[in-house]
């Protein structure tokens, strides 16, 4: 009885392997959408987005815009200004986009979390 079950199991596994080998793989490609022009009203030009492109006196205005939508304005402003003083850049927008400013993105706390908002 055990021998018959073993033979049946081997047969089923062999059939499964044959089915997998003969299966067709269909790959479809989807074109990425074309980039759209940014029509938002930005109070700041592209200056200040790349590392070292801001003057220290410009940090306050950039950090005010960066921290405008958070409920924790005081700590956001404190750390944003600290990061801006070191990196001389603040990422655009109110959240994310840190990849445009590597220094701002890579500065970590002792625990390994992000230092800059």
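The values are calculated or read from the model by the stated rules, or taken from the named source; none is laboratory data. Bear in mind that the values here come from a model prediction, so they are computed numbers and not experimental data. As a convention, Cβ positions derive from the backbone with ideal geometry for all residues, glycine included, and neighbour counts pool all protein chains shown.
Considering only residues of the stretch 103-117 that are in contact with a strand residue (DSSP E or B) (Cβ under 8 Å, 6 or more places away or on another chain) and part of a loop (DSSP other than H, G, I, E, B), which is nearest to residue 76 (Cα to Cα)? Per the criteria, the residue is 115. Only residues that are within 11 Å of residue 117 (Cα to Cα) and outside any helix (DSSP H, G or I) were counted in the stretch 71-92, giving 3.
Of all the listed residues (84, 76, 103), the sole one being in contact with a helix residue (DSSP H, G or I) (Cβ under 6 Å, 6 or more places away or on another chain) and at pLDDT 90 or above is 84.
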